[in-house]
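Remarks on the structure that follows.
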Amino acid sequence: MTKGTILWIDDEIDLLRPHIMLLEGRGYTVRTALSGEDALALLQENTSSARTPDLIFLDENMPGMGGLETLEQLKVARPETPVVMVTKSEEEDLMEQAIGKKISDYLTKPVNPTQVLLAVKKFLEGRQIKSEAVSRDYTQEFARISVDLMNARSAKDWTELYTKIVGWELEFDEHAGLGLKQTLLDQKREANAEFAKFVERNYRDWVNTIYVSSNAAERPALSPDVIEEWVLPEVRSDKKQNVVFFVIDCMRLDQWLLMESELRSLFHITRDYHFGILPTATPYARNAIFSGLFPSEFGKLFPTLWAAREDDEHSLNKDEAAMLQKLLERKRVRLRNEMKYIKIIDRDFGAQIAQNITQHARNHFTAIVVNFVDMLAHTRSDSPILKEIAPDESAYRSLTRSWFLHSSLFEMFKALATVPDLKIVISTDHGSIRSLRGAKVLGDRETSTSLRYKYGRNVKAEEKQAMIIKRPEEYKLPVRGAASNYIIAKEDYYFVYPTDYHKYLNYYRDSFQHGGISMEEVILPVVTMEAK
């Protein structure tokens with residue numbers, strides 16, 4: 001069985017017989033044409049899949065129809081077929097013309113057998129070779145990840161483990177059909193179970209320990225540390241640079257890595273990590289970022305903040321600008337002009353900010369909250385159409401990439417890449433997890449309604465499925481009434497009441513939620529970018 005069919009177009013084809021014999025000896029079928037006209041006629045005659053070329057080698061300098069003209073016709077007749085142009089010329093203008101006409105690769109005469117074979121393998125076997133390498137590498141890595149999982153003792157260990165798992169998820173997105181996705185999902189689920197235990201053991205100590213630096217072992221950087229650790233050093237810099245700080249609501253590491261891949265050509269990028277506070281929900285974590293304080297602490301500055309029975313994400317985050325201003329005053333940060341705060345919650349306003357982003361970047365310090373990723377998660381959970389489009393994690397990442405490439409956020413980044421003396425810091429308040437398992441919860445009618453965390457009087461759930469916080473003040477959480485406690489879902493559980501249990505179990509299953517303890521929700525990127 002042939003490995004693929006190659007069409008070689010060259011008016012001196014007899015001189016290429018050694019190359020053709022080499023390829024045929026390696027299992028490829030090679031057809032030849034002496035001119036562009038002959039090649040196009042051959043393509044019209046050979047319509048069967050067995051004779052249709054999978055790769056075309058095209059001589060640039062031929063009598064009659066030249067190489068570039070033939071290339072145009074080939075792209076009309078076989079737009080999906082890769083074309084490798086072979087030429088004696090090394091002129092830059094010719095290369096640019098060929099690339100502009102969507103050439104796939106470029107070889108300069110005299111070509112040697114290694115060059116030819118490499119080009120053939122790249123286009124006809126490249127995906128299979130890469131897939132086999134990925135499969136082989138993950139099979140070896142599986143054991144190392146399992147060992148790392150057993151030996152993970154610190155936040156740094158867990159961050160490194162999680163980044164490895166996410167890296168493999170992205171690899172498998174590129175090489176579908178390897179049959180290893182379920183193995184990775186099972187390994188990730190096991191890791192999340194152990195990670196929840198790790199957080200449960202250490203979280204109370206973390207919030208009651210003074211943060212030193214991201215290099216210290218006492219505790220990881222948490223939400224209240226983000227601005228002081230990564231933003232203020234840039235604001236205080238002697239370089240007289242300006243700083244734009246983006247908080248992208250509900251952005252997971254895998255989603256950021258997709259965005260980062262589109263930005264590497266524009267920026268020098270440094271990536272660090274922080275741990276989101278519990279509950280990993282906007283009213284707690286994002287307020288903690290902007291205030292530099294834990295929930296019970298910033299609740300004292302804004303006494304009415306926790307008065308509502310429910311945690312409305314919009315009303316409870318209305319004081320972010322004031323919180324940030326108080327943080328700057330507390331840290332005695334002097335700005336050259338007034339701090340600017342922008343919150344983007346709809347497409348039209350986002351497009352307006354994108355048009356004016358370079359003007360905003362002239363300000364010494366600008367903070368921008370972007371809500372689109374959070375909206376994507378919530379909309380996917382509520383929309384049958386989006387669930388059909390993004391039925392699993394891989395498709396959800398693909399949806400994120402598509403959104404980003406056409407978003408006002410990407411337009412902002414591209415515009416900011418042209419601004420000199422500017423540092424961009426990007427982070428998020430929390431991630432989200434695909435919730436697949438229901439956990440029964442008991443509580444009265446005053447209990448909050450969130451799916452991944454709840455608070456109220458004597459709220460109960462199984463300890464295997466939830467972290468139970470009986471004394472909120474010890475965890476620097478607001479005390480929400482007498483006998484009030486919190487429960488926070490572990491792994492991919494979501495809370496369901498016994499009443500109409502199966503109805504709501506099925507209704508909320510397979511939705512992206514946040515507020516609980518998982519690597520996806522807790523381990524979050526902090527990125528610093530500077531234009532190249």
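Amide H to amide H, with H built 1.01 Å from N, Cys250 comes under 5 Å of Asp429, His430, counting only residues 5 or more places away or on other chains. My understanding is that a pair violates if its Cα-Cα distance is over 30 Å; which of Lys300/Lys331; Lys3/Lys75; Lys318/Lys503 do that in this structure? From the list (Lys300/Lys331; Lys3/Lys75; Lys318/Lys503), the Cα-Cα distance tops 30 Å for Lys318/Lys503. Here the chain is treated with +1 on each Lys and Arg Cβ and -1 on each Asp and Glu Cβ, and its dipole about the Cα centre works out to around 2200 debye.
Listed values for the range 393-405 are Karplus-derived 3J(HN,Hα) couplings in whole Hz (6.51 cos²θ - 1.76 cosθ + 1.60, θ = phi - 60°), namely 4, 4, 5, 5, 5, 4, 5, 4, 4, 4, 4, 4, 4, and x replaces Gly and Pro. With the convex hull drawn over the C-alpha atoms of the range 437-509, the volume per residue is 79 Å³. Each of His274, His360, His502 was scored by other Cβ atoms within 10 Å of its Cβ. Arranged with the fewest first, they read His502, His360, His274. The trypsin sites (Lys or Arg not before Pro) of the range 223-292 that DSSP puts in a loop, and whose beta carbon has at most 15 other beta carbons within 10 Å, are Arg236, Lys239, Lys240, Arg264. Just need log10 I(q)/I(0) for the range 217-310 at q = 0.14, 0.23, 0.25 Å⁻¹, Debye formula, equal scatterers on the alpha-carbon atoms, no solvent, rounded to two decimals. Log10 I(q)/I(0), no solvent term: -0.65, -1.30, -1.38.
All Cα-Cα separations within the chain were binned at 20 Å from zero, giving a P(r) of 19, 43, 26, 11, 0, each value a whole percent of the pairs. Backbone amide hydrogens, once placed in the peptide plane, bring Gly4 within less than 5 Å of Thr29, excluding anything fewer than 5 places away on its chain. Using 1/(1 + (r/R0)^6) with R0 = 56 angstrom and r between the beta carbons of Ala483 and Phe142, what's the FRET efficiency to the nearest 0.05? For R0 = 56 Å, the calculated efficiency reads 0.75. The calculated P(r) of the range 118-238, using every Cα pair and 10 Å bins from 0, goes 11, 31, 25, 19, 11, 3, 0 in percent. Taking all Cα pairs closer than 8 Å and separated by 6 or more residues, the relative contact order of the chain comes to 16 percent. A simple count of charges around Glu463, restricted to other residues whose Cβ falls under 14 Å of its Cβ and scoring Lys, Arg +1 and Asp, Glu -1, yields +4.
Cβ crowding within 10 Å ranks Glu521, Glu194 as Glu194, Glu521, fewest other Cβ atoms first. Rounded to whole numbers, the Karplus 3J(HN,Hα) couplings from phi for the range 250-255 are 6, 9, 7, 4, 4, 5 Hz, using 6.51 cos²θ - 1.76 cosθ + 1.60 with θ = phi - 60°, and x at Gly and Pro.
Extension gain for Asn208-Lys88 works out to 36.1 nm (0.36 nm per residue, less the C-alpha to C-alpha distance). Rounded to the nearest 500, the 222 nm mean residue ellipticity of the chain from helices alone is -13000 deg cm²/dmol, with -39,500 (n - 2.57) taken per DSSP H run of at least 4 residues. Of the three principal axes defined by the Cα atoms of the range 287-330, the extents in descending order read 31, 18, 14 Å.
With θ taken as phi - 60° and the Karplus curve 6.51 cos²θ - 1.76 cosθ + 1.60 applied, the whole-hertz 3J(HN,Hα) list for the range 110-124 is x, 7, 10, x, 5, 4, 5, 5, 5, 5, 5, 5, 4, 8, 9 Hz, x standing for glycine and proline.
Qualifying trypsin sites (Lys or Arg not before Pro) in the range 389-464, where qualification requires a DSSP coil assignment and no more than 12 other C-beta atoms within 10 Å, comprise Arg445, Lys464.
Any read-out appearing in this document is the output of simple, stated calculations on the displayed coordinates, not a laboratory observation. A quick note: this is a predicted structure, and the numbers were derived from the prediction, not measured. Note that each Cβ is placed from the backbone with ideal geometry, even for glycine, and that neighbours are counted across all protein chains shown.
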